Amino acid sequence: MARSDVDVKKLLAQMTLEEKVGQLVQLNAMFLGESSAEITGPLEKLGIPQSYMSKLGSTLNFHGAQEMMDIQRKHLEEDRNHIPLMFMMDVIHGFRTIFPIPLGLGASFDPETVKECSRMAAREASAGGVQVTFTPMVDYVRDARWGRVMESCGEDPYLNSVMGAAQVEAFQGDDLADHDNIAACVKHFAAYGGAEAGRDYNTVEISERLLREYYLPAYKACIDAGVKMLMPSFNSLNGVPSIANKWLMNKVLKDEWGFDGVIISDYNAIGELKKHGITDDMRLGAKMAFDCGCDIEMMSSSYYKHLADLVNDGEISEQKLDEAVLRVLELKKELGLFEDPYHGASPEKENSVCLTPEHRDIARRAAEASAVLLKNDGILPLSEDIKRIALVGPFAATNEIKGSWSCNGENEDCVSVYEGIRSLLPNAEIIVAEGCSAKYDELSEEGIDAAVAAAKGADAVVLCLGEPQKYSGEGNSRADIGLPGIQMQLARKVIAANPNAVALTFSGRPLVLTELDKLVPAILHMWFPGTEGGSAAADLLFGRANPSGKVPMSFPKAVGQCPIYYNHPSTGRPKSKPDEIHQPYSSNYIGCGNLPLYPFGHGLSYSSFVYESLELDTDTMTKDSEITVSITVLNDSDRAGKEVVQLYMHDIWASAVRPIQSLIAFEKTELGAHERKTITFKVREPMLRFYDLDCNHISEPGEFTLSTGCADHLVLTKSFTLK
Ligand code: NOJ
């Protein structure tokens, strides 16, 4: 049947109540395949019989096109309505070809790179049987202890919004039935990133003003970009878990924003209402979640067990149930599943589409665009004429650099730093000495002497350090965010043996690199760069590529500064002395400045960019007019490079305390050697708005400043008045 011919309302009319509820239940694919009969244990635990599997509306976590096709075929044979299952997966930073973690993509400050990566991920995932991805994650983050900061684009609401919308547009394209596109699901609504003390799943208490100003905009941007699905967060928000939070789900999401897409619970989030101590009664849990708009329940059984009874008893209207089912069926129709339940996927296609040289090239360029040159005293780039290189540290030759949430990516697919440099410099002598482990509980010093010996005889040393990829991602919070284990001990000894050493760092979060920064002349931060990480590292170290990433989330000097973020509100007792000096009775720390080691927006290049001027075409603005800001930048070097021109705004006087600065626009631009460019931005009244004490989104007349540079290092500023 052609998809345009499917009348989902007619289909709905022929469905039994039980069948309708089935469309709203999502279980793991392991319960559905041929071998599913063996998985009785976990299913029994859920209290769902195997015979119910043919009633399901969707599934998650399967392994590629073949499994998807087998499950779908079996399902269509068994379901009397022949309604295809919808297959979902966490395609977070690539399907098989893995590109940098989202925090790294945030560092690229380049929505085009994000789009290119997302389109590639959609192509591969679709060929591999995925129809919906649980992406983008746009949780606003300030605390690097939280392991899931790796999935976010960082501490700025605007950057998060731009990157989130770019992902939605690229994943979904113009037509979901097109086999290169899949549906996106924005998550985790809301403020999951506000977990107290950065501990995953911890409670979130945030004022409504703060929530609206910092945390909510990126979800809204994804909705405005047309995202088809939304996932409420695990956490309780101001006392109520999101899945049962009426204010959040009904007032904000539905009434104010008009979201009419599918809402899916997070994994067992309805079941966790028990552990939250909200209710032991899962019939009530089901009703609470349903009344909050949750259409699909993922991996708990309250809908299976109670939704039909709730309808029969009149506690949930059949019309509301029908509306939820229709949303699911409509999405299936939009995906063209009634026409092609496999959405074009096949093992052959998966094989030919995934991990192609073209896709590897996209991943390599994205890794290059995401890397941040945190420090460089001039030692980088290294000369390709170097004869003898020592690669020292636990990341020297490992291919474990994909990062968490790497979907179907394999470590074996990844190019290590050693392999990257080896193929760039086939004739150089490369000595690899791991030296020590990157794990916090593996403290053997046995390898250090060999690493020191390797460093001693080398023309250059690359210290490859970081945190293991499993130290970030879901459930992986850290209380100490330095380099784990004895890596600093290794670094001290190696640098004493040969100061001609640069650091190449890997992590899923900002790390505390304060001591390393003092020890080494250069640090290039790679995040978890993905499949082509080692090739990108080699290109960047030896100047085949020019670093252009910027810090998307402050790197603290000490973990005690967390949460630390550039756009913090003014205080009544700000510090006036230099940051390293403690100032009594002002807001600061003893023995540690307030400023981060590397602020938001910071990132060096092998080119040298000079900000020559910032001009406004007028110094007054009305609610209907705009100001054109022109920023002129000169590349004062012999090397072409890319610079992220950033525009910050500060509202000097307002009825509520305002951030000391906020990013309101940015543009990544390429400048040839000695080229000068003028970048223009338009500033309009809505960009100046904030939430007043009654949570009205307003602007107030008065004086504002516009600045460029990076947070904590603004180089040019002009002011204007809003009439
Ligand atoms: C739990 C995670 O919080 C969420 O991000 C993910 O999409 C689901 N599991 C499904 O894997």
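Just to be sure before I move on: is residue 92 of a type outside the set (Ser, Thr, Tyr), under 20 Å from the mean Cα position of the chain (by Cα) and not assigned by TED's automatic domain parsing to the domain that holds residue 469 in the structure I sent?
Working: of a type outside the set (Ser, Thr, Tyr): yes; under 20 Å from the mean Cα position of the chain (by Cα): yes; not assigned by TED's automatic domain parsing to the domain that holds residue 469: yes.
Yes: the conditions hold for residue 92.
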Return the residues of segment 607-624 that are surrounded by 13 or more Cβ atoms within 10 Å (Cβ to Cβ) and touching a helix residue (DSSP H, G or I) at 6+ places or on another chain (Cβ under 9 Å); say none if nothing qualifies. 621
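Quick one: which residue in 651, 712, 636 is surrounded by 13 or more Cβ atoms within 10 Å (Cβ to Cβ), touching a Phe, Trp or Tyr at 6+ places or on another chain (Cβ under 9 Å) and modelled with pLDDT under 95?
712
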With the condition being modelled with pLDDT of 95 or more, I'd like the helices (runs of 4 or more DSSP H) fully within segment 1-117 carrying at least 2 qualifying residues. 8-13, 17-22, 64-78, 102-108
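Looking at 350, 339, 323 in this structure, which one is without any contact (Cβ under 8 Å) to a residue 24 or more places away in the chain and not assigned by TED's automatic domain parsing to the domain that holds residue 515?
Answer to the selection: 323.
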Of the criteria (1) hydrophobic (A, V, I, L, M, F, W, C); (2) closer than 23 Å to residue 162 by Cα; (3) buried (at least 16 other Cβ atoms within 10 Å of the Cβ), which one residue 704 fails: (2)
Starting from residues that are in contact with an Asp or Glu (Cβ under 6 Å, 6 or more places away or on another chain) and among the basic types (Lys, Arg), keep the ones in segment 664-723 and report whichever is farthest from residue 606 (Cα to Cα). 684
Residue check: is residue 267 in a helix (DSSP H, G or I) and of a type in the set (Phe, Trp, Tyr)? no
For segment 219-251, the count of residues that are closer than 22 Å to residue 201 by Cα, more than 16 Å from the ligand (Cβ to nearest atom) and either part of a helix (DSSP H, G or I) or hydroxyl-bearing (Ser, Thr, Tyr) (or both) equals 5
Residues of segment 185-199 classified as within 13 Å of the ligand (Cβ to nearest atom) and assigned to a helix (DSSP H, G or I), total: 2
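Take the residues in segment 252-264 that are assigned to a helix (DSSP H, G or I) and under 24 Å from the mean Cα position of the chain (by Cα), then tell me which one is nearest to the ligand (Cβ to nearest atom).
Checking each candidate, the answer is 253.
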Restricting to segment 686-701, name every residue that is exposed (fewer than 15 other Cβ atoms within 10 Å of the Cβ) and in contact (Cβ under 8 Å) with a residue 24 or more places away in the chain. 693, 695, 697
Of all residues in segment 200-215, which are assigned to a loop (DSSP other than H, G, I, E, B) and either surrounded by 23 or more Cβ atoms within 10 Å (Cβ to Cβ) or within 15 Å of the ligand (Cβ to nearest atom) (or both)? 200, 201, 202
Within segment 50-76, residues of a type in the set (Ser, Thr, Tyr) and more than 16 Å from the ligand (Cβ to nearest atom) come out as 51, 52, 54
Read through the list (1) surrounded by 23 or more Cβ atoms within 10 Å (Cβ to Cβ); (2) of a type in the set (A, V, I, L, M); (3) over 26 Å from residue 492 (Cβ atoms), then give the number of the only condition that residue 424 fails. (1)
Residue check: is residue 668 basic (Lys, Arg), surrounded by 15 or more Cβ atoms within 10 Å (Cβ to Cβ) and modelled with pLDDT of 95 or more? yes
Quick one: which of 521, 547 is crowded, with 24+ Cβ neighbours inside 10 Å and modelled with pLDDT of 95 or more? 547
Could you tell me which residue of segment 127-149 is farthest from the ligand (Cβ to nearest atom), considering only residues that are among the hydrophobic types (A, V, I, L, M, F, W, C) and assigned to a helix (DSSP H, G or I)? 127
Return a yes/no flag: does segment 468-482 have any residue that is farther than 24 Å from residue 560 by Cβ and of a type in the set (Val, Ile, Thr). no
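Could you identify the single residue in 124, 116 that is crowded, with 23+ Cβ neighbours inside 10 Å, closer than 23 Å to residue 350 by Cβ and away from the ligand (no atom under 16 Å from the Cβ)?
124
The values are calculated or read from the model by the stated rules, or taken from the named source; none is laboratory data. These numbers come from a predicted model, not from an experiment. In this analysis, Cβ positions are derived from the backbone assuming ideal geometry, glycine residues included, and neighbour counts consider all displayed protein chains.
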